[in-house]
Amino acid sequence: MIKQAFLSEFQHEAESTRKLLSMIPDSALEYRPQPHLWSVGELASHIAEVYNWYEDTFNSDVFNMDHYKYDKGDISKASNIVEKFEANQKMALNAIEKSDEAQYMNPWSMSAGGNIFFGPMPKIQVIRGFLYNHLYHHRGELISHLRATGNKVPSLYGPNYEESQQIGQ
């Protein structure tokens, strides 16, 4: 039952992520609102990369960072980021589908160099926070970055601003 809820939300939100990433113009990729913040390209690549974390989160009790290599990928074109998203999203969906709902309350932690630096906490809490909510947070940042560059953004949870201005006209 919980697994089915995760799958349903995942599929709905992955479509929203796809819509957002597909609207990024190459001309916006290098924009960053402040020097210490990620650029649009870096942020979009990070969003695509989060989907690469699902296997080690859903189907193991320890995410060992010693075996993980962050791959920013080629962020010179928005289409490259969408390709990365598509590949990682398929792997993430597979990870959820093969997960065992009976394991969702297992203690989960993240480690590196033999030290635990995140957790332990119930895996279900990590799935909600570390995967799902983390992704939504970064999508919101990306929408703000794109708005600041004058670009359009998709409607995700009802009409966006432009669409809301047309209602009733």
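The values are calculated or read from the model by the stated rules, or taken from the named source; none is laboratory data. What you are looking at is a predicted structure, and each value in this text was computed from that prediction instead of being measured. Glycine also receives a Cβ, built like all others from the backbone with ideal geometry; neighbour counts cover every protein chain displayed. Quick note on the areas: whole protein, heavy atoms, side chains included, nothing else; ligands and nucleic acids left out. Shrake-Rupley method; radii C 1.70, N 1.55, O 1.52, S 1.80 Å.
Quick one: what are the phi-derived ³J(HN,Hα) couplings along the range 156-165, Karplus 6.51/-1.76/1.60 with θ = phi - 60°, whole Hz, x for glycine and proline?
Using θ = phi - 60°, the values come out as 10, 10, x, x, 7, 4, 4, 5, 5, 6 Hz.
With a 1.4 Å probe and all protein chains left in place, how much of the accessible area of the chain comes from carbon and sulfur atoms, in whole percent?
54
Pairing the Cα long axis of helix 78-98 with the longest principal axis of the chain, what angle in degrees results, from 0 to 90 and rounded to the nearest 10?
Helix 78-98 sits at roughly 30 degrees to that axis.
Let me spell out the model: positive unit charges on the Cβ of Lys and Arg, negative unit charges on the Cβ of Asp and Glu, origin at the Cα centre of the chain. What dipole size does that give, in debye rounded to 20?
Result for the chain is approximately 240 debye, rounded to the nearest 20.
In whole Å and largest first, what semi-axes does the C-alpha gyration tensor of the range 101-169 yield when each eigenvalue is scaled by 5 and square-rooted?
Values for the range 101-169, descending: 38, 16, 6 Å.
For the range 38-54, just list the computed ³J(HN,Hα) in residue order, Karplus coefficients 6.51, -1.76 and 1.60, θ = phi - 60°, integers in Hz, with x standing in for Gly and Pro.
After applying 6.51 cos²θ - 1.76 cosθ + 1.60, I find 5, 6, 4, x, 5, 5, 4, 5, 4, 4, 5, 6, 3, 5, 6, 8, 5 Hz.
Divide by every residue of the chain the summed helix terms, -39500 (n - 2.57) for each DSSP H run of at least 4, and state the resulting mean residue ellipticity at 222 nm, rounded to the nearest 500 deg cm²/dmol.
-15000 deg cm²/dmol
In terms of modelled amide H atoms, which long-range or inter-chain residues lie less than 5 Å from the amide H of F118?
For F118, whose amide H was placed from the backbone, the distant partners under 5 Å are M110.
Sort R18, R128 from largest to smallest accessible area, using a 1.4 Å probe on the heavy atoms of the protein chains.
Per-residue accessible area, sorted high to low, gives R128, R18.
Give me the percent of DSSP beta bridges within the range 1-168 that run antiparallel, rounded to the nearest 5.
60
What do you get when you divide the Cα radius of gyration of the chain by 2.2 N^0.38 Å, with N the number of residues?
Here the Cα radius of gyration is 1.11 times the empirical estimate.
What does the accessible area per residue of the chain come to in Å², with a 1.4 Å probe and no ligands, DNA or RNA counted?
Accessible area per residue, the chain: 53 Å².
Anything over 28 Å Cα to Cα? Flag those among K19/K98; K90/K123; K98/K152; K69/K152; K19/K77; K72/K123, in the order listed.
K98/K152; K69/K152
Given H placed on each backbone N at 1.01 Å, which residues far from I24 in sequence or on other chains put an amide H within less than 5 Å of it?
When sequence neighbours closer than 5 places are left aside, there are no close amide H contacts.
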